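Heads up, the thing below is written out as structure tokens.
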Ligand SMILES: CC1(C)CO[C@@H](CC(=O)O)CN1
């Protein structure tokens, strides 16, 4: 019957062109999680969790109207799931007016780590700043205390670089220059050469990354004397595709040469081992079931035609589990107060605070790995380090920021056979 259903709202970026259409894989993943949660007799006993969702196209305005429609149409929603940093910023800033927790499965912007602006935001997607402790760890491991930064002028990279600069200062690492560009990196790359930059941290989206790589080739800022840090979540052959379409005037061979040896950092979104997670499934079980669901929806998975957001799908699956576990905890707590989640209304601050407290302390092993939230609602995640060796990525290791533990596989290869220097060594005549 209707009166034992708990309703949640969902805002997924599916259509449209700009930003990230990751809802294409994340909405099916959330649906899988709802099925699994509702099968569990010990979770929300006597209740069914139901998701009402619509498409934001990763547009904040459309996301806002989807949110209003979810809130102003019955049934009463208990919280909101959302994706895309721009949409999460809008939704999370407004949601507090309805005392709603917002759980973002696809938002990397560092600006969202702000309890003043977003008092009820949690995210299973880590902030882009999660790369920075890993970058520092690698700089220290290889003895590089002189680095340069090259970034695209985008909000997410500007705030990530601010965090990186602060961490470099703390660690005694000198930033010789910070270059940024809007869409043409040639001047910025030239300035790197002028400053004799050797170890360079690059922060840009994948289309800009192809332009940077070609510029590096043309200006000879690659090879045995240079180490570039790129972002690790571009598609694997990102440096060889779309060159003509995007007017990159380097051949794929030249791009491969420039790319050889670069390092990447990325947040781990798929649990790496075959442990059974809270749902009873391993990450592999989840992947196979998600693939089946996506095939049913017409994606040609067997020819690697994946929908956008496939990488982040575990984050959406685990977001629903986090909600179910938090509601379960809240139900018990409210029962003692003679209340139930069913009677939650948008003005019921006491229940909203119970839901917030429950989610804040929720921790579990999900298909995206250990799920836990910082005091800012950020996802605490492992990162992975890879290196481009002979045109394909090789795993070099993993880093756990909370325990400051670097797992290193000793597979790195340096073009000159030894670790590149972070500066020109001037030999004093004896
Ligand atoms: C790793 C990436 C691609 C970063 O952007 C996220 C989307 C966003 O932050 O808007 C999705 N995941």
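The values are calculated or read from the model by the stated rules, or taken from the named source; none is laboratory data. From a predicted model like this one, the values you see are computed outputs, not experimental measurements. A quick note on method: Cβ atoms are made from the backbone with ideal geometry, for glycine too, and the neighbour counts reach across all protein chains shown.
Tell me yes or no: at least one residue of segment 237-244 is within 26 Å of residue 144 (Cα to Cα) and within 16 Å of the ligand (Cβ to nearest atom). No, segment 237-244 contains no residue that is within 26 Å of residue 144 (Cα to Cα) and within 16 Å of the ligand (Cβ to nearest atom). Against the test of being touching a strand residue (DSSP E or B) at 6+ places or on another chain (Cβ under 7 Å) and not in a strand (DSSP E or B), the options 233, 270 yield a single qualifying residue, 233. Considering each residue of segment 239-246 in turn, none proves to be farther than 20 Å from residue 416 by Cβ, without any contact (Cβ under 8 Å) to a residue 12 or more places away in the chain and within 21 Å of the chain's Cα centre (by Cα).
Pairs are defined by a Cβ separation below 6 Å, a sequence spacing of at least 6 or placement on different chains, a first member in segment 56-70 that is more than 8 Å from residue 11 (Cβ to Cβ), and a second member that is in a loop (DSSP other than H, G, I, E, B) and away from the ligand (no atom under 14 Å from the Cβ); the pairs so defined are 57/15. Of the residues 196, 285, the single one that is farther than 30 Å from residue 26 by Cα, at pLDDT 95 or above and either within 16 Å of the ligand (Cβ to nearest atom) or surrounded by 14 or more Cβ atoms within 10 Å (Cβ to Cβ) (or both) is 196. What about residue 79, is it closer than 21 Å to residue 366 by Cα, away from the ligand (no atom under 16 Å from the Cβ), at pLDDT 95 or above and surrounded by 24 or more Cβ atoms within 10 Å (Cβ to Cβ)? Answer is yes for this residue. Kindly establish whether residue 309 is under 30 Å from residue 196 (Cα atoms) and touching a residue at least 24 places away in the same chain (Cβ under 8 Å). For residue 309, the condition - under 30 Å from residue 196 (Cα atoms) and touching a residue at least 24 places away in the same chain (Cβ under 8 Å) - is not met. Evaluate segment 29-46: report whether one residue or more is away from the ligand (no atom under 14 Å from the Cβ), part of a strand (DSSP E or B) and touching a residue at least 12 places away in the same chain (Cβ under 8 Å). No, that holds for no residue.
Return yes or no: is residue 201 crowded, with 19+ Cβ neighbours inside 10 Å and either in contact with a strand residue (DSSP E or B) (Cβ under 9 Å, 6 or more places away or on another chain) or farther than 10 Å from residue 147 by Cα (or both)? Answer is yes for this residue.
Residues that are within 16 Å of the ligand (Cβ to nearest atom) and in contact with a helix residue (DSSP H, G or I) (Cβ under 6 Å, 6 or more places away or on another chain) within segment 288-311 comprise 307, 308, 309, 310, listed in sequence order. Scanning segment 58-70 for residues that are away from the ligand (no atom under 13 Å from the Cβ) and touching a helix residue (DSSP H, G or I) at 6+ places or on another chain (Cβ under 6 Å) yields 64, 67.
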